[in-house]
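Structure first, commentary second.
The values are calculated or read from the model by the stated rules, or taken from the named source; none is laboratory data. Small disclaimer: the values here were computed from a predicted structure and weren't measured. Ideal geometry is used to build each Cβ from the backbone, glycine not excepted, and the neighbour counts take in all protein chains shown. Keep in mind that these areas ignore ligands, DNA and RNA; they rest on the heavy atoms of the full protein, side chains included. Shrake-Rupley method; radii C 1.70, N 1.55, O 1.52, S 1.80 Å.
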Amino acid sequence: MLTESASSPLLLPDLPAGLLRDKGDARDLFLQHGLPRRGSVAAERWKYTPLNKMAGMRLHLPHEDKAWKERVERTIASKQDEIARFPDAALLLFVDGKLQAHERTLATTPYAGLPRVTASEPLAALNVGSRCEAWRVVLNEDTPFLHVLFLATSSEEERLQPPSLPLLQTRLRIEAQSGSTSLCQTFCDSSACWNNDVIEIEVAEEARLEHVVLQERGRGSCAFSHTTVRVAEKASYAHISALKGEGLTRQEVSVALEGEEASCKLHGAYRIKGKGHIDNDTEIFHNRARCVSDALYKGVVEDAGRGVFHGKIFVAQDAQETRGYQMSRALLLSERAHAYHKPELEIYADDVICSHGSTVGALDEEQLLYLRSRGVVRARAEAILLEAFVNEALRCERKECAQALQAHLAQ
Amino acid sequence: MPPLLSVESLTARINEEGTNQGESSHGESSQGKSSKEILRGVSLEIPHGEVHAVMGPNGSGKSTLASILAGREGFEVEGRVLFEGEDLLALDPEERAHKGLFLAFQYPVSLPGVQGMRFLSEALDAQARARGEKEEDRIAQVKRVRALSRELGVEESMLKRSVNDGFSGGEKKRNEMLQLAALQPKLAILDETDSGLDIDAIRAVAEGLERMRDKKRSFLVITHYQRLLEHIEPDRVHVLLNGRIVRSGDKQLCAQLEAEGYAPLLKEHGGQEAAVQP
Ligand SMILES: Nc1ncnc2c1ncn2[C@@H]1O[C@H](COP(=O)(O)OP(=O)(O)OP(=O)(O)O)[C@@H](O)[C@H]1O
Ligand SMILES: [Mg+2]
C-alpha cells in the first residue's frame, strides 16, 4: 500500500459550496489525495500533465436563474448546425452539464450507480464525489446511433477577478446491448470552462460499439474525461478521438476485455497549438483469452504545445493468445514543441504477442520536396502531409463520423 | 529566343559534418566541416524541342545535377542556370514546376495516406492556379488521367492507392511517367526512369515520350542504358564524369559507350581527380 509522502502539501481547487456529496468513497478519496502532486499516488500517471497551477483555482457552478435559462436558449439557437450535425442520430444535448429536451432526445433514465475510482484518478474521483447529472442510455438495433453534444454558455463570471471557471460535470452510463452501434461525443464551446466527465460503458456479448470523440479547447479551458469500458465475450469496442486546440485536455480511457475473443481499438489523433496540452492516457486489461487490442495515437504539435501518451497493457495470467499492439507517433512542428510517450506492459500470461513503439519527428523534407516539385506550394504540401499523417488514426466505420473526424483535424 | 535551359559553370558542393578533422584535406574549413565537391563546373544548353541524354558512371553527379535543377536544397551551388532566360536557382521548387520544369525522380518517395489521384489533382490545380489558368473540371481531370494511365500501362488501381506506397520499383517509375504525362511540362528531366522497368514498360515509356515530343518541349534523359535511347533518338548525348561533362556528341556516342564502357574516358580524365582543388 502506497502512503502519501509529506513532501508536498495537498493541492485542491477552490470548489463551489454544495458541489461535493456529504459522504462517499470517491468524495473522501478526492479530499484525501487532492490533485496529483509530487510524491502522491497519482504522481506517476500524471507525470507529464502537472496540475499544480490548478490548486486554488476558482470554480463555480452555473446559477440556474432566469438569466442562465436565457443564455441556454441563446446558446442552443446559435448552435443549430452543431445540433443538426448527425440528423440520423438520437441526441443527448447538454448545456452547462444539464440535459436539455430536444425532439431527437433519446429515452434516458437517471442513473444512480457510482463507478469505482482509484487514487490515481483524482479528477474522476471529483466527478463521482460530486452532485451532478447522471444518465443511463441503451443502444441496440433500434437505437444504433447516439450523438452526445456538450455545449456551454458564456457568462459574466468568466471576467471575474480573480478569474473563475464554470465547472461542468456529467456522468453517463452507456449500454451497447446488441448489433453495431455508434456513439459520437462532441464538445463545442468557445467559452472557457472546466469539463470533467465520467462515462461508463458496457458492451454486451457480440455487440459492437464505435465511440467517437470530437473536441476543441481554447486557451484557458480544461477538459478532463474518464471513460471506463467493459467488453464482453466476442464483443468489440472502438474509441476514436480527434482533439485539438490551445487548452488542456486529458482523456483517460480504460478498457477491460472481460470475455474471450473480445476486442478493442483505441485510436486517436490530435493537433496542439499555442501552449496547448493534450494527454491521452489509456489502459487495456486483457483479462480473458484470445482478445485483441490495438492502440494508435498520432499527434501534431505546434508552437509550445505538449502532447502526452501513456499506454498501459495488462495481460492476466490466463489471458492466453492475447494480441496487443500499441503505437504512438508525434510530429513536432516547432523547436518548442514536445511529445512524451510512456508505454507500460504488465504481462502474466505466456502465449502473448504484444508490441509497442513510438516515434517523434518532423515533417519529411523528401516528401515535401516531392510534392513541391509537382507544383504544390509549401504550405499546402505541409497540410497534405499532416492530414495524411493524422487520418491514419481517424478511420471509422460510420461514414458521417469518419468525415467529421477528418474534417475536425483538417486545416 | 534563348534556349529552354542553359546551365553555365554549375558547381555544387555538400557540407558534411567533419568528425575526423585531422584527416580533412580542407584546412580552411574552420568549423570542423569538410565539403565535398560533387559538380565541378557543368555547362549545358538544351534548346527548345531537343532531347538530351546524360550518361555517366555511378556517383558521377547525374542525380545531383537533376535534383539541383528541380530545387533540392542542401548544396552550396555556384554558377548560373537560366530557364527561358530566367534565373532558375532563385526560384522555389514549386515555382520551377509552375514554369514548366519536371523531374522524374530516380528514387520517388512514398506518401502514405495521400491517394494517387488526389496527389495529381493537387499538382494540376496548383499549376493551373499559379499560371492564372482555370482549374480543370474534376471529372474531366479524372477522365484524362485515367486515359493516360491506360496508355502508359499503369494499373488504374494505383491511382486509388497511396502515392508510391508499397509500389514495386517498376511501378514507381511508371507512376513518375504518368505524372509527367499528366503535367505536360516544358522540360522533363528523367532520372533513370528506365531503370527497373521491364521491356514492355520501357517501350511504353518511350512511346509516351515520343507522343509528348514537339517543337517546344525538351527532355533531359539520364540513363545507363542504350535501350531507351534507341527508341527516342537523342539529339545530344553528354557524358558526366566526376562532376564534369567530359564529352558531348550525337547518339553515336551512346553506342560507343555501350561498347567500350567508361574506361577510356576515365583514363583520359582520371588524372584530374587527384589534381582537383577544393
Ligand atoms: N546529400 C549528400 N551527402 C553526401 N554525399 C552526397 C549527397 N548527395 C550526393 N552525394 C554524393 O555525390 C556523388 C554523386 O551522387 P549522384 O547521386 O549525383 O550520382 P549519380 O551519378 O546519380 O549516380 P547513380 O548512377 O548511381 O545514380 C556521390 O558520390 C554521392 O555519394
Ligand atoms: Mg543517380
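Which residues, counting only those in the range B:48-59, are open to solvent by less than 10 Å² (accessible area, probe 1.4 Å) and within 13 Å of ligand 2 (Cβ to nearest atom)? Working first, answer last.
So the first thing to find is which residues in the range B:48-59 are open to solvent by less than 10 Å² (accessible area, probe 1.4 Å), and the list is B:51-56.
Correct list: B:Val54, B:Met55, B:Gly56.
If you go through the range B:217-227 one residue at a time, do you hit one that is under 25 Å from B:Gly61 (Cα atoms), within 16 Å of ligand 2 (Cβ to nearest atom), within 14 Å of chain A (Cβ to nearest Cβ) and at pLDDT 95 or above? Reasoning before the result, please.
Here is the first cut: in the range B:217-227, the ones under 25 Å from B:Gly61 (Cα atoms) are B:217-227.
Among the residues that remain, those that are also within 16 Å of ligand 2 (Cβ to nearest atom) are: B:220-225.
With within 14 Å of chain A (Cβ to nearest Cβ) added as a condition, the list becomes none.
No, the conditions are met nowhere in the range B:217-227.
Restricting attention to the range B:184-208, and to residues there that are touching a residue at least 60 places away in the same chain (Cβ under 8 Å) and crowded, with 18+ Cβ neighbours inside 10 Å, which single residue is farthest from ligand 2 (Cβ to nearest atom)? Please lay out each step first, then the result.
Going through the range B:184-208, the residues touching a residue at least 60 places away in the same chain (Cβ under 8 Å) turn out to be B:185-193, B:195.
If we keep only those that are crowded, with 18+ Cβ neighbours inside 10 Å too, we end up with B:185, B:187-193.
Working: B:Pro185: 20, B:Leu187: 18, B:Ala188: 16, B:Ile189: 11, B:Leu190: 11, B:Asp191: 6, B:Glu192: 6, B:Thr193: 11 Å.
Here the answer is B:Pro185.
Which count do you get for residues in the range B:210-223 that are surrounded by 16 or more Cβ atoms within 10 Å (Cβ to Cβ) and either within 16 Å of ligand 1 (Cβ to nearest atom) or free of Cβ contacts under 8 Å to residues at least 24 places away in the same chain (or both)?
Residues flagged as surrounded by 16 or more Cβ atoms within 10 Å (Cβ to Cβ) and either within 16 Å of ligand 1 (Cβ to nearest atom) or free of Cβ contacts under 8 Å to residues at least 24 places away in the same chain (or both) within the range B:210-223 amount to 4.
Can you tell me which condition A:Glu141 does not meet? The list is (1) at pLDDT below 95; (2) open to solvent by 20 Å² or more (accessible area, probe 1.4 Å), and all the others hold.
A:Glu141 satisfies every listed condition except (1).
Give me a count of the residues in the range B:167-202 that are within 14 Å of ligand 1 (Cβ to nearest atom) and either within 15 Å of the chain's Cα centre (by Cα) or aromatic (Phe, Trp, Tyr) (or both). Please lay out each step first, then the result.
Filtering the range B:167-202 down to residues within 14 Å of ligand 1 (Cβ to nearest atom) leaves B:169, B:173, B:189-196.
Of the ones still in play, those that are also either within 15 Å of the chain's Cα centre (by Cα) or aromatic (Phe, Trp, Tyr) (or both) are B:173, B:189-195.
So the answer is 8.
For the range A:368-379, what are the residues that are more than 7 Å from every other protein chain (Cβ to nearest Cβ) and either buried (at least 24 other Cβ atoms within 10 Å of the Cβ) or closer than 19 Å to B:Ala182 by Cβ (or both)?
The answer is A:Leu371, and nothing else.
Take A:Cys396 and decide whether it is in contact with a Gly (Cβ under 6 Å, 6 or more places away or on another chain) and either more than 13 Å from chain B (Cβ to nearest Cβ) or surrounded by 13 or more Cβ atoms within 10 Å (Cβ to Cβ) (or both).
Working: in contact with a Gly (Cβ under 6 Å, 6 or more places away or on another chain): no; either more than 13 Å from chain B (Cβ to nearest Cβ) or surrounded by 13 or more Cβ atoms within 10 Å (Cβ to Cβ) (or both): yes.
Spelling it out, it is not the case that A:Cys396 is in contact with a Gly (Cβ under 6 Å, 6 or more places away or on another chain) and either more than 13 Å from chain B (Cβ to nearest Cβ) or surrounded by 13 or more Cβ atoms within 10 Å (Cβ to Cβ) (or both).
In this structure, does B:Gly32 turn out to be open to solvent by less than 20 Å² (accessible area, probe 1.4 Å), modelled with pLDDT under 95 and either within 14 Å of another protein chain (Cβ to nearest Cβ) or more than 13 Å from ligand 2 (Cβ to nearest atom) (or both)?
Values: open to solvent by less than 20 Å² (accessible area, probe 1.4 Å): yes; modelled with pLDDT under 95: yes; either within 14 Å of another protein chain (Cβ to nearest Cβ) or more than 13 Å from ligand 2 (Cβ to nearest atom) (or both): yes.
Yes.
Can you spot a residue in the range A:354-367 that is hydroxyl-bearing (Ser, Thr, Tyr) and more than 14 Å from chain B (Cβ to nearest Cβ)? Step through it out loud before you land on a result.
Initially, the range A:354-367 is screened for residues hydroxyl-bearing (Ser, Thr, Tyr), giving A:355, A:358-359.
Next, from what is left, pick out any that are more than 14 Å from chain B (Cβ to nearest Cβ): A:355, A:358.
Yes: one or more hits.
Does B:Pro47 count as at pLDDT 95 or above, away from ligand 1 (no atom under 16 Å from the Cβ) and either under 28 Å from B:His269 (Cα atoms) or under 13 Å from the mean Cα position of the chain (by Cα) (or both)?
yes
Return yes or no: is A:Leu405 assigned to a helix (DSSP H, G or I) and at the interface with another protein chain (Cβ under 10 Å from one of its Cβ atoms)? Lay out the reasoning, then the answer.
On the way: assigned to a helix (DSSP H, G or I): yes; at the interface with another protein chain (Cβ under 10 Å from one of its Cβ atoms): no.
No.
Of the numbered conditions (1) open to solvent by 40 Å² or more (accessible area, probe 1.4 Å); (2) within 26 Å of A:Ala262 (Cα to Cα), A:Val360 fails exactly one; give the number of that condition.
(2)
Of everything in the range B:231-246 that's farther than 10 Å from B:Ala53 by Cβ and within 15 Å of ligand 2 (Cβ to nearest atom), which residue is most open to solvent (accessible area, probe 1.4 Å)?
Going through the qualifying residues, I end up with B:Asn242.
From (1) over 21 Å from B:Glu122 (Cα atoms); (2) open to solvent by 20 Å² or more (accessible area, probe 1.4 Å), pick out the condition that doesn't hold for B:Asp165.
It fails just one condition, (1).
Could you please let me know if A:Ser328 is open to solvent by 40 Å² or more (accessible area, probe 1.4 Å) and under 24 Å from the mean Cα position of the chain (by Cα)?
Numbers: open to solvent by 40 Å² or more (accessible area, probe 1.4 Å): no; under 24 Å from the mean Cα position of the chain (by Cα): yes.
So A:Ser328 fails the test.
How about the range B:1-29: which of its residues are part of a loop (DSSP other than H, G, I, E, B), open to solvent by 60 Å² or more (accessible area, probe 1.4 Å) and modelled with pLDDT under 75? I'd like the intermediate steps shown before the answer.
Keep residues of the range B:1-29 that are part of a loop (DSSP other than H, G, I, E, B), which gives B:1-4, B:18-20, B:24-29.
Adding the requirement that they be open to solvent by 60 Å² or more (accessible area, probe 1.4 Å) leaves B:1-2, B:19-20, B:25, B:27-28.
Once the filter is applied, which keeps residues that are part of a loop (DSSP other than H, G, I, E, B), open to solvent by 60 Å² or more (accessible area, probe 1.4 Å) and modelled with pLDDT under 75, the range B:1-29 yields B:Thr19, B:Asn20, B:Ser25, B:Gly27, B:Glu28.
Residues in the range A:267-278: is at least one in a strand (DSSP E or B) and open to solvent by 30 Å² or more (accessible area, probe 1.4 Å)? Break it down into steps so the answer makes sense when it comes.
So in the range A:267-278, the residues in a strand (DSSP E or B) come out as A:267-272, A:277-278.
Cutting the leftovers down to open to solvent by 30 Å² or more (accessible area, probe 1.4 Å) gives us none.
No, there is no match, as no residue in the range A:267-278 is in a strand (DSSP E or B) and open to solvent by 30 Å² or more (accessible area, probe 1.4 Å).
So which residues in the range A:279-316 are open to solvent by 20 Å² or more (accessible area, probe 1.4 Å), in a loop (DSSP other than H, G, I, E, B) and among the aliphatic types (A, V, I, L, M)?
Scanning the range A:279-316 gives a single hit, A:Ala304.
Against the definition (modelled with pLDDT under 95 and either polar (S, T, N, Q) or over 20 Å from the mean Cα position of the chain (by Cα) (or both)), how does B:Glu122 come out, yes or no?
Values: modelled with pLDDT under 95: no; either polar (S, T, N, Q) or over 20 Å from the mean Cα position of the chain (by Cα) (or both): yes.
Answer is no for this residue.
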